[in-house]
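One structure below.
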Amino acid sequence: MTIESFLLKAQQQGRDLIDRGLDHHIRIAVTGLSGAGKTAFITSLIDHFKHAGELPVSFWEAASRGAITAVEFTPQPDWTIARFDYEQAVQALTQVQPCWPESTTQMSEIRLTVHLKRQSGLLKNIISSKRLVIDILDYPGEWLLDLPLLNLSYEQWSKQQFELSQQASRQAEFKAWQSDCLPLPTAPNNELIEHYIRTQAARYREMLQSLRNQHGLYWLQPGRALLPGAYAQAPILDFFPWPEAQQQPQSPVYQALSERFERYKKELVAPMYERHFRSFNRQVMMVDILGAMARGPAAFADLQQALQQLMPIFQYGKNHWLRRLFKPHIDRVAFVASKADYLLPEQQQLVQQWLQQLVEQATVEQFEQEPFVREYFAMASLRVTELGQNQQQQLLLRGFDGENWVQFYLADLPDSIAQFEQALALPQLTPLPDVSKRPFAAIRMDQIIEFLTRDEV
Ligand SMILES: Nc1nc2c(ncn2[C@@H]2O[C@H](COP(=O)(O)OP(=O)(O)O)[C@@H](O)[C@H]2O)c(=O)[nH]1
Ligand SMILES: [Mg+2]
């Protein structure tokens, strides 16, 4: 490095440091299983910033007092991953026949720089504006399922999976997979082992797909088996749990599987979290309670099971291994029950209570000492229903299913999640053809933005 370039770099770094010192910077981890509503949430969040000036007075204080002077997309921190395609999502939602943004198959990121009028503080007279930089990451929810693997050996994981396979919702599929198993190679050489593992793993993945698509289950691992993407044919995905009875550590098949499991953790799971989750300071944890209830009691129980596994990881307790490894500094967590536009206004409070029940039952004691603030919201990123009345003056919801307008309301919601017994009848709705309204109609997005940004503006 020449002296000039060294000085130039030092100067640039100094300037970056000053800029960063004055800017406020939040990095939001939007977490949730596949279908929870992350992509819709991010789209709506960005849209709220982009159209903050058009919002009526709301809980979002900075927007209400007109402090937001401009919002621009600026270069994202990681240039090796896709930029979140906000424009494409808006296009889908506002075209002649509106539809939902496509399901996420890869990681993407976006940076918003929000210019604000400075209202108070020592610097007010010297610098009249300030910037809030917001980074948001989107990724397939399936990948989240792999986080708990980092804590397990192959033996422990196998044991867990075989215990799970005893549950009524999985038993039949699992048995079918097992009875479909090829005989173990008797005189195993590398090629035979390779062939055995490849075939078994492909069938295992098919079984996981079917547990998700046919039975509506959530708690399925490895997560990338559900959405292999670029790893579709890669040996790193070729593993499956090994029945305990046959667990002979010396067996070459066992060793090969164990090696793949370890490499899956080391080469796929850990690097992703190390690279992308390190510097988050805000988290939105989305749960599609209504969607799970529409799939029926077994699926809803499975969602609870998944939360029970995932929540402790997000508690980031002082001594938690994840904190040591990834150093997140999460100081605010918004727990969100998504798609609250399926509910009448007076039902939203109830679902918020369910959410709190779900989270608290998945939470270990240590949670109480956590260094972050949490709040619970029943919200909709994109409200696709309208409130109406029937002839008896009863409140109803109205939505468009792509062909017809449907009127409905969810009757007989249980008082608590423990009393849930019968699948909810949830109509499939498309976004409403109402392009003129921006930001997109939502429920409680203003409160969530206020919660996430309160101290920074
Ligand atoms: N009614 C309603 N449906 C929603 C809302 N957000 C998402 N959805 C539905 O949930 C599906 C999955 O949402 P998406 O954002 O792709 O979930 P992700 O997998 O977590 O990114 C969408 O295709 C919609 O059908 C919402 O605010 N209201
Ligand atoms: Mg998505």
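Brief remarks follow.
- Residue in the stretch 275-284 that is out of contact with any His (no Cβ under 6 Å at 6 or more places or on another chain), in a helix (DSSP H, G or I) and more than 16 Å from ligand 2 (Cβ to nearest atom) present: yes
- Verdict on A418 being within 12 Å of ligand 1 (Cβ to nearest atom) and more than 15 Å from A294 (Cβ to Cβ): no
So that you can scan it fast, the table gives a plain yes or no per residue for (1) within 27 Å of Q255 (Cα to Cα); (2) within 16 Å of ligand 1 (Cβ to nearest atom); (3) crowded, with 21+ Cβ neighbours inside 10 Å; (4) of a type in the set (G, A, S):
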{"residue": "L137", "(1), (2), (3), (4)": "no, yes, yes, no"}
{"residue": "D146", "(1), (2), (3), (4)": "yes, yes, no, no"}
{"residue": "Q156", "(1), (2), (3), (4)": "yes, no, no, no"}
{"residue": "Q161", "(1), (2), (3), (4)": "yes, no, no, no"}
{"residue": "L164", "(1), (2), (3), (4)": "yes, no, no, no"}
{"residue": "Q167", "(1), (2), (3), (4)": "no, no, no, no"}
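- Qualifying residues in the stretch 180-197 (those that are among the charged types (D, E, K, R) and exposed (fewer than 14 other Cβ atoms within 10 Å of the Cβ)) - the one farthest from L220 (Cα to Cα): E191
- In the stretch 332-353, the residues that are among the aromatic types (F, W, Y) and either within 16 Å of ligand 2 (Cβ to nearest atom) or more than 13 Å from V287 (Cα to Cα) (or both): Y342
- Any hit, the stretch 384-392, residues being part of a strand (DSSP E or B) and without any contact (Cβ under 8 Å) to a residue 24 or more places away in the chain: yes
- Residues located in the stretch 53-77, provided they are part of a helix (DSSP H, G or I) and farther than 19 Å from F377 by Cβ: G53, E54
- Restricting attention to the stretch 16-38 and to residues that are near ligand 2 (Cβ under 9 Å from one of its atoms) and out of contact with any strand residue (DSSP E or B) (no Cβ under 6 Å at 6 or more places or on another chain), the residue that is modelled with the highest pLDDT turns out to be G35.
- Of all the criteria given as (1) loosely packed, with under 15 Cβ neighbours inside 10 Å; (2) outside the structural domain of R282 (by TED's automatic domain parsing); (3) of a type in the set (D, E, K, R), the one not satisfied by E173 is (1).
- The number of residues in the stretch 248-300 that are within 21 Å of the chain's Cα centre (by Cα) and charged (D, E, K, R) comes to 7.
- Taken together, T80, T104 contain a single residue that is surrounded by 17 or more Cβ atoms within 10 Å (Cβ to Cβ), at pLDDT below 95 and outside any strand (DSSP E or B), which is T104.
- Just one of the listed residues (V133, V114, V96) is buried (at least 20 other Cβ atoms within 10 Å of the Cβ) and either in the same structural domain as M445 (by TED's automatic domain parsing) or farther than 26 Å from F377 by Cβ (or both), and it is V114.
- Lone qualifier among L397, L426 - being assigned to a loop (DSSP other than H, G, I, E, B) and surrounded by 13 or more Cβ atoms within 10 Å (Cβ to Cβ): L426
- Among the residues of the stretch 51-75, those identified as surrounded by 19 or more Cβ atoms within 10 Å (Cβ to Cβ) and either among the charged types (D, E, K, R) or without any contact (Cβ under 8 Å) to a residue 60 or more places away in the chain (or both) are I68, V71.
- A residue that is among the polar types (S, T, N, Q), modelled with pLDDT of 60 or more, away from ligand 1 (no atom under 16 Å from the Cβ) and over 24 Å from the mean Cα position of the chain (by Cα) can be found somewhere in the stretch 55-67.
- Test: residue in the stretch 326-340 that is over 23 Å from L452 (Cα atoms) and either of a type in the set (D, E, K, R) or modelled with pLDDT of 95 or more (or both): no
- Answer residue from the stretch 218-257, given it is closer than 28 Å to G32 by Cα and of a type in the set (S, T, Y) and is surrounded by the most Cβ atoms within 10 Å (Cβ to Cβ) among those: Y218
The values are calculated or read from the model by the stated rules, or taken from the named source; none is laboratory data. Small disclaimer: the values here were computed from a predicted structure and weren't measured. Cβ coordinates were reconstructed from backbone atoms using ideal geometry, including for glycine residues, and neighbour counts include every protein chain displayed.
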